[in-house]
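Down below is the structure, laid out as structure tokens.
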Amino acid sequence: MELFFNPFDNLLCILLGISFTVWITLLLVFIIVPAIFGVSFGIRRLYMKTLLKIFEWATLRIERGAKEKNHHLYKPYSNAIIAKEPTSLEEEIKEIRRSGSNKDLDAASEFEMSDIFYFARRGVESIMDDEVTKRFSAEELESWNLLTRSNNNFHYISLRLTVLWGLGLLIRYGILLPLRVTLAFTGVSLLVFLTTLIGLLQNGRLKSVLSEKVHLMCYRICVRALTAIITYHDSENKPKNGGICVANHTSPIDVIILASDGCYAMVGQIHGGLMGIIQRAMVKACPHVWFERSEVKDRHLVAERLSNHIQDKSKLPILIFPEGTCINNTSVMMFKKGSFDIGATVYPVAIKYDPRFGDAFWNSSKFGMVSYLLRMMSSWAIVCSVWYLPPMSREEGEDAVQFANRVKSAIARKGGLVDLLWDGGLKREKVKDTFKEEQQKLYSKMLVGTQEDRSRS
């Protein structure tokens, strides 16, 4: 019996050995070696163009099938569902008083019951069309990208379309996912191992050069683990040593997207587990700025550490995401003022993902990190554009909040994003009393101003 199975066992071992050799060779030739030298064979862009043609065909087939069966396709994503015109509180209340009363406005009392309707209407509008909450859910697509059947508007259309979706499922989970997991493991393992070795060297030019090369190589491997297709614009504005790079924040992979084109000093809280191992290895090769949990809330200590870092022009630029949370690729929310209050040159960067190939937004209240990464690695690809904006400095007479808002507006314009004043912290917190007080002050100022105008006349 043993003799009967020996030839089969030997053949199986040979086939497994050949498969493993071919697999490793393909990884080295087409992914790892190009990542080391920062070159691309154009395979990913060809893959992206092929996907676009498939999506176009699927969309046309869905539209034709929907028309034949009288199904209504969903409306494209819009930034608002209630039409609003940019008018001030005073103008709107005057309009309500004018439409609700025949009396002369100049002779109106300080307060009218009709004023209540303004606040009631704005409250209902905020409930129906909340500018904040919808920034923390995935944006809707106009066309089907063969990634989900959860949209109620996508009904059974044809056998060919169903077979195509099933084939895509097989490709994504049977071929792309194992390949991407292998690449991610390779990139992270090399990062930990090589940065630990570089950490044994004496501080100097050689250590800095090796650290930069290793970080770029490992991040580029991780980018390929997501099949990320990135277009960088205006590279002459890339952040320089002694400055702070600030960018809008959609996903944890924003770090990998930016770090695959240049080296940065990371800022963040020290973690445990695998993330802690990576942080400890990285800081041995490069001066990143990590904080203990107890230090994070000490703003003066954080500002001092950041200031000391940027004063040393030999150190890498600091990478910061001032929003403090992930936003769904449609808008930019309030920037925290801390990084704009230390007098450094700020290098704004705008990041915009193409949602047709995969949703890069991380909804941390819905998905854990592991499930999020699984969704990323099982999507078709991660396609995004990165714009490096000209460096900006704080102007004379400008405070940190005004500077932060100016930088935020520049990023929003360049990335085609909606510029919002709301704090991203509202994702988990209640509205601060200061927002309510601001509306009360505006209304009070209007009434007091009206009374003063009447006194003068």
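Taking each pair of distinct Cα atoms in the range 159-426 once, what is the resulting Kirkwood hydrodynamic radius in Å?
With all distinct Cα pairs of the range 159-426 included, I get 19.5 Å.
With label points built 7 Å along Cα→Cβ from the Cα atoms of Trp422 and Arg299, find their separation and express it in nm.
Label-label distance for Trp422 and Arg299, simple model: 2.3 nm.
What nm distance separates the two modelled labels at Leu201 and Asp399, each placed 7 Å from Cα along Cα→Cβ?
4.7 nm
Would you mind pulling out the separation of the Cα centroids of the range 36-64 and the range 200-275, in Å?
Taking the Cα centre of the range 200-275 as reference, the centre of the range 36-64 is 27 Å away.
How much of the accessible area of the range 154-284, probe 1.4 Å, is carbon plus sulfur, in whole percent?
Reported share for carbon and sulfur atoms: 68 percent.
Efficiency by 1/(1 + (r/R0)^6): what FRET value for Lys441 and Met392, r their Cβ-Cβ distance, R0 = 35 Å, to the nearest 0.05?
Working: r = 31 Å, r/R0 = 0.87.
The value I calculate is 0.70.
Under the rule of at least 5 residues apart or a separate chain, name every residue whose amide H is placed under 5 Å from the amide H of Val418.
Sorted by chain and number, the residues that satisfy this are Ser331, Val332.
How much accessible area per residue does the range 308-370 have, in Å², with a 1.4 Å probe?
Spelled out: the 1.4 Å probe surface of the range 308-370, per residue, equals 37 Å².
The values are calculated or read from the model by the stated rules, or taken from the named source; none is laboratory data. Just so it is clear, the structure is predicted and the values come from calculations on it, not from any experiment. For neighbour counting, all protein chains shown are included, and Cβ atoms are generated from backbone atoms with ideal geometry for every residue, glycine included. Areas reflect the complete protein model, heavy atoms only, side chains present, ligands, DNA and RNA absent. Shrake-Rupley method; radii C 1.70, N 1.55, O 1.52, S 1.80 Å.
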